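The values are calculated or read from the model by the stated rules, or taken from the named source; none is laboratory data. Here the structure is a predicted model, which means the values were calculated and not measured. With ideal geometry, Cβ positions are generated from the backbone for all residues, glycine too; neighbour counts draw on all protein chains shown.
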Amino acid sequence: MGRYLIQRFGSMVVSLFFIVTITFILMQLAPGGPFASEKKIPPEIEQQMNEKYGLNDPLHIQYFNYLKDVAQWDFGPSFKYTGQSVNDIINRSFEYSLLLGLESIFLALSIGVFLGVIAALRHNTSVDYTAMVIAVLGISVPNFILAAALQYFFAMKLGVLPVARFDSFLHTILPAVALATTPMAFIARLMRSSMLDVLNSDYIKTAKAKGLNERVVTYRHALRNAIMPVVSYLGPLVVAILTGSFVIEEIFDIPGLGAEFVNSVTNRDYTVIMGTTVFFSALLLVSILLVDLLYTLIDPRIKFGKEGGKS
Amino acid sequence: MSQPELNRAELEQSDFEPLVRDEAEAEKISGESTSYWQDAWRRFKKNKLALFGMGVIVFLGIMSFLGGPISGYDYYTNDYMVTNKAPSLEHWFGTDPLGRDIFARTWYGAKISLFIGIMAALIDVIIGVIWGAIAGYFGGRTDEIMMRIADILYSVPYLLVVILLMVILPQGLWTLILAMTFTGWINMARIVRGQVMQLRSEEYVLAARTLGANSNRIMFRHLVPNTLGPILVTLTLTIPNAIFTEAFLSYLGLGVQAPLASWGTMTSEAISALQYYPFQLFFPAFFICLTMLAFNVIGDGMRDALDPKARK
Amino acid sequence: MKKVLEVKDLNVFFDTYKAEVQAVRGVSFDLHEKETLAIVGESGSGKSVTSQSIMKLIPMPPGKFAGGSIKFNGEELIDKSERQMEDIRGKEISMIFQDPMTSLNPTMTVGKQIAESLIKHQNMSKAQARKRGLELLELVGIPNPEARIDQYPHEYSGGMRQRGMIAIALACNPKVLIADEPTTALDVTIQAQILDLMRDLQDKVNTSIILITHDLGVVANAAHRVAVMYGGKIIETGTVDEIFYNPTHPYTWGLLGSMPDLEGDSDEELQAIPGTPPDLADPPKGCPFAARCPYAMKVCENHMPDYFELSDTQKSACWLLDERSPKVEPPESAKVGGSKRDEQ
């Protein structure tokens with residue numbers, strides 16, 4: 001266990017190193033980037049940047065300076081806003097995104113799994129067809145369009161929910177739904193096909209041949225096996241929620257990290273772009289590690305990254 | 001099923017003469033035999049939803065060329081006399097804040113969005129198939145290095161990569177497509193590699209090799225055609241993804257730039273005026289959803305039709 | 001001997017998107033107490049559908065009963081509700097499947113999988129079920145049951161998994177055990193062990209067994225009576241001796257001819273049966289084997305023969321047995337050599 005974790009942690013650090021390097025190179029290539037020689041930025045920031053990264057030093061020195069700071073979780077000063085560091089921006093905005101993200105993940109998982117299971121249990125009935133129509137619509141409607149439509153109908157026309165901001169639970173409902181719908185639809189389809197596979201498997205026949213009733217067969221035997229692909233989808237789910245937050249936070253005017261990122265892109269606030277990119281990547285790597293650990297808890301065949309048996 | 005009662009005595013002696021039959025008859029496979037693609041097509045045709053999707057795409061394709069001329073307007077001329085007009089006989093889909101005809105813009109946007117979506121998906125397929133086929137066919141060291149590169153590129157979220165690239169690239173139609181395909185091909189490469197690895201150990205490849213066919217020939221004459229099914233399905237499902245990505249980027253202001261119009265830019269402009277002119281959002285949004293839906297149902301239909309497991 | 005199970009004129013059809021597949025067409029047989037009946041046939045002959053119909057494990061739809069009756073201890077199973085069937089499955093009739101790799105739940109310990117039916121049918125507590133589970137594992141010859149009972153199926157070898165399956169199936173001392181190709185997926189040495197185990201346990205727990213197989217070698221080892229299925233019908237049935245030494249149906253000859261005979265003459269060749277089984281979506285009007293039968297007559301194409309009773313126990317559905325047909329001797333390849341006789 002300990003060795004496995006160390007190994008995983010090592011490969012995480014390597015991945016992050018690549019990501020930091022790639023972002024550094026990309027920003028280097030950017031016209032008017034933070035490390036380019038010609039730029040139009042306030043003199044205070046230029047001075048700050050100079051102190052921090054030594055803008056007149058050769059490129060590789062700048063790179064090592066940046067790398068060293070990132071290793072200490074220091075992403076440097078904002079490129080646009082005087083007196084603000086990238087860490088400040090991340091610290092103040094991340095909690096909004098985290099709350100919204102967790103709520104969306106919960107929605108996507110619970111509704112998606114539920115729809116998938118009932119569709120599989122009622123295979124080829126109207127329940128199945130309805131669930132799958134909902135799923136294919138969920139996949140086909142882009143999240144920002146759904147967000148706008150929800151905002152228009154529930155907030156502007158009906159006035160039952162707040163239009164924007166992030167002040168109470170009611171404020172979170174529309175953005176969370178908009179963010180959760182597409183991954184929810186994927187999960188529903190995944191769960192349905194996995195459940196259908198499991199329901200046709202031999203061990204379900206064995207369970208039925210024991211005289212267990214359908215409910216017990218479904219919940220005790222089928223569900224736990226069928227949920228595995230959904231667990232492996234948790235990584236992509238986090239990605240979907242994360243990138244979805246770029247537009248959703250913008251539309252609902254939520255001061256989260258996604259909105260900050262989009263802002264930094266529009267403003268060409270390069271240090272913030274770099275910092276948030278590295279932060280997002282780290283977040284993603286950690287969640288993938290958590291998913292893998294979760295997997296070993298659910299599937300007895302997998303012991304810390306090693307396949308324990310065949311089949 | 002039990003036969004109607006038969007009185008044995010009713011049978012004639014002549015019934016007991018040996019049955020004369022064609023020798024080949026016994027070896028013939030009973031039941032209708034159809035080729036894989038014929039069978040797949042027959043199953044696809046039964047899928048009403050997929051056929052509907054095909055119809056939608058054909059209709060959108062035609063309208064993207066005829067839409068502008070039909071309306072009598074072009075997509076870029078501002079007309080400050082008719083800004084923000086609701087749909088009417090003059091302007092079927094209304095006008096935008098600059099007085100441009102939304103009907104004409106919608107079909108022009110269709111052209112751009114479909115072009116980007118299909119182009120990006122095609123480039124993904126080309127790179128992905130070549131990369132995946134080489135890695136899967138040669139295996140070993142080559143495979144390991146090629147797939148490791150793909151893995152590293154894949155570990156950064158797709159949209160994040162595209163956004164970062166668009167920050168540094170000059171904005172334009174082709175740079176957009178370039179950014180979208182920069183890591184977009186990886187998924188296809190993985191699928192093709194998996195298929196090729198599985199197929200290359202099969203007998204007919206061995207047979208071809210024994211007969212002296214060289215690697216290129218084996219790879220492109222034997223392996224690629226057999227991976228065509230999964231490739232087609234992935235291609236079809238990549239297109240709606242690409243259309244979504246374009247709209248997403250345009251929404252963030254990183255996509256197609258004025259005067260070009262895509263459904264994404266139209267949506268983006270309309271969302272800011274949503275409260276007052278919802279119809280401006282409705283038309284581009286509706287067509288994005290319809291197109292994505294159409295490609296998704298076609299892709300699903302093809303997957304169901306091509307999946308041999310469904311042949312039962 | 002008492003009849004435990006009576007199957008009469010059973011028809012099971014499946015609706016597929018192409019057509020209605022008539023998988024089982026008028027199958028009748030009896031199973032007596034403490035007897036092993038082997039149902040033999042190639043894949044697609046309807047043998048597995050027949051066995052799963054007895055448990056009513058055929059998914060309906062697409063499957064459906066199209067007539068016939070299945071009587072267990074005199075009670076009609078076809079009329080029973082799902083709830084009533086739950087009390088029969090696992091308790092009165094239980095089943096072993098072909099592939100032990102896939103027939104155990106991978107995410108549940110073997111002990112729990114055994115305990116389930118004990119708790120359900122015998123109202124045992126968890127502790128009692130565990131104790132009985134240990135006994136059962138011991139009974140089926142799993143070494144060190146104390147450690148094995150809490151393991152997951154992937155920690156078992158193939159042969160052990162099949163032993164585990166047998167423990168599950170026999171947990172409640174069922175009257176009938178249906179074994180669907182129980183040894184097909186196993187190594188040859190393990191096959192013999194599993195067959196021995198089943199025979200042993202049959203004596204200990206007084207169970208009747210329906211053994212589904214395509215392997216006549218297994219039949220010779222384990223069964224008392226044989227029913228040969230082809231194209232959804234039983235085309236010949238008899239005791240093991242009758243089927244091996246006096247087969248009358250050309251399909252049975254073909255099966256015997258395709259069986260390797262280790263001690264037979266070295267110049268004897270294995271005979272494959274040419275052709276493929278009939279398409280049961282459009283079953284032939286006459287004998288299903290006519291299209292592949294080297295002795296087929298005009299009558300065979302048009303009329304399915306009734307059974308010709310050859311003895312109290314042997315019946316065969318072949319027109320060759322009619323006195324008007326030409327006399328045909330079974331081919332050399334279908335004659336069973338000394339080795340099989342010794343095994344009896």
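Take the conditions (1) of a type outside the set (D, E); (2) surrounded by fewer than 22 Cβ atoms within 10 Å (Cβ to Cβ); (3) outside the structural domain of C:L10 (by the TED database); C:L137 misses just one of them, which is (2). Every test in (1) touching a helix residue (DSSP H, G or I) at 6+ places or on another chain (Cβ under 6 Å); (2) closer than 29 Å to B:T236 by Cβ is passed by A:S126 save one, and that test is (1). Can you confirm whether region A:76-91 contains a residue that is at negative phi, modelled with pLDDT of 85 or more and exposed (fewer than 15 other Cβ atoms within 10 Å of the Cβ)? Taking every residue of region A:76-91 in turn, at least one turns out to be at negative phi, modelled with pLDDT of 85 or more and exposed (fewer than 15 other Cβ atoms within 10 Å of the Cβ). Pairing each residue of region B:286-303 that is more than 9 Å from chain A (Cβ to nearest Cβ) with any residue that is outside any helix (DSSP H, G or I) and surrounded by fewer than 24 Cβ atoms within 10 Å (Cβ to Cβ), provided the two are 6+ apart or on different chains, yields C-beta distances under 8 Å for B:G301/B:N47.
Regarding region C:38-49, can at least one residue be identified that is farther than 30 Å from C:Q191 by Cβ and outside any loop (DSSP other than H, G, I, E, B)? For region C:38-49, residues farther than 30 Å from C:Q191 by Cβ and outside any loop (DSSP other than H, G, I, E, B): absent. Taking region C:177-195 only, how many residues are within 12 Å of chain A (Cβ to nearest Cβ) and buried (at least 20 other Cβ atoms within 10 Å of the Cβ)? Going through region C:177-195 one residue at a time, the tally reaches 5. Only one of the numbered conditions (1) in contact with a Ser or Thr (Cβ under 9 Å, 6 or more places away or on another chain); (2) free of Cβ contacts under 8 Å to residues at least 60 places away in the same chain is violated by B:N78, and that is (1). Consider A:K205 carefully, then state whether it is more than 30 Å from B:A273 (Cα to Cα), out of contact with any Leu (no Cβ under 7 Å at 6 or more places or on another chain) and not small (G, A, S). Spelling it out, it is not the case that A:K205 is more than 30 Å from B:A273 (Cα to Cα), out of contact with any Leu (no Cβ under 7 Å at 6 or more places or on another chain) and not small (G, A, S).
Against the test of being modelled with pLDDT under 90, under 24 Å from B:V161 (Cα atoms) and β-branched (V, I, T), the options A:V216, A:V239 yield a single qualifying residue, A:V239. Counting only residues that are part of a loop (DSSP other than H, G, I, E, B) and among the acidic types (D, E), which one in region A:241-271 is farthest from the other protein chains (Cβ to nearest Cβ)? Once the filter is applied, the top-ranked residue is A:D253. Report whether or not C:I190 is in the same structural domain as C:K2 (by the TED database) and either in contact with a strand residue (DSSP E or B) (Cβ under 6 Å, 6 or more places away or on another chain) or part of a helix (DSSP H, G or I) (or both). The answer is yes for C:I190.
Residues are listed down the side, and each one gets a yes or a no for (1) assigned to a loop (DSSP other than H, G, I, E, B); (2) under 21 Å from A:I187 (Cβ atoms); (3) more than 9 Å from chain B (Cβ to nearest Cβ):
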{"residue": "A:N124", "(1), (2), (3)": "yes, yes, yes"}
{"residue": "A:D128", "(1), (2), (3)": "no, yes, yes"}
{"residue": "A:V136", "(1), (2), (3)": "no, yes, no"}
{"residue": "A:L150", "(1), (2), (3)": "no, yes, yes"}
{"residue": "A:M156", "(1), (2), (3)": "no, no, no"}
{"residue": "A:G159", "(1), (2), (3)": "yes, no, yes"}
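Taking residues in region C:165-194 that are charged (D, E, K, R), and partners anywhere that are assigned to a helix (DSSP H, G or I), the pairs with Cβ atoms closer than 8 Å and at least 6 places apart or on different chains are C:D180/C:S48; C:D180/C:S51; C:D180/C:Q52; C:E181/C:S48; C:D187/C:G158; C:D187/C:G159. The strands (runs of 3 or more DSSP E) located wholly in region C:199-286 that include 2 or more residues which are modelled with pLDDT of 80 or more, under 30 Å from C:E92 (Cα atoms) and in contact with a Phe, Trp or Tyr (Cβ under 9 Å, 6 or more places away or on another chain) occupy C:225-230, C:233-239. Listed here are the strands (runs of 3 or more DSSP E) enclosed by region C:62-158 that have at least 1 residues being within 14 Å of another protein chain (Cβ to nearest Cβ) and of a type in the set (S, T, N, Q): C:69-72, C:93-96.
Report yes if B:T210 is over 24 Å from B:L114 (Cα atoms), modelled with pLDDT under 85 and more than 19 Å from the chain's Cα centre (by Cα), otherwise no. For B:T210, the condition - over 24 Å from B:L114 (Cα atoms), modelled with pLDDT under 85 and more than 19 Å from the chain's Cα centre (by Cα) - is met. Candidates in region B:250-285 are the residues that are at the interface with chain A (Cβ under 8 Å from one of its Cβ atoms) and of a type in the set (S, T, Y); of these, the one that is surrounded by the fewest Cβ atoms within 10 Å (Cβ to Cβ) is B:Y251.
Scanning for something farther than 16 Å from A:N213 by Cα, more than 19 Å from the chain's Cα centre (by Cα) and either outside the structural domain of C:E146 (by the TED database) or in contact (Cβ under 8 Å) with a residue 60 or more places away in the chain (or both), does region C:78-90 turn up at least one residue? Among the residues of region C:78-90, at least one is farther than 16 Å from A:N213 by Cα, more than 19 Å from the chain's Cα centre (by Cα) and either outside the structural domain of C:E146 (by the TED database) or in contact (Cβ under 8 Å) with a residue 60 or more places away in the chain (or both), which makes the answer yes. In region B:270-298, the residue that is farthest from B:N78 (Cα to Cα) out of those that are touching a Leu at 6+ places or on another chain (Cβ under 9 Å) and of a type outside the set (A, V, I, L, M, F, W, C) is B:N296.
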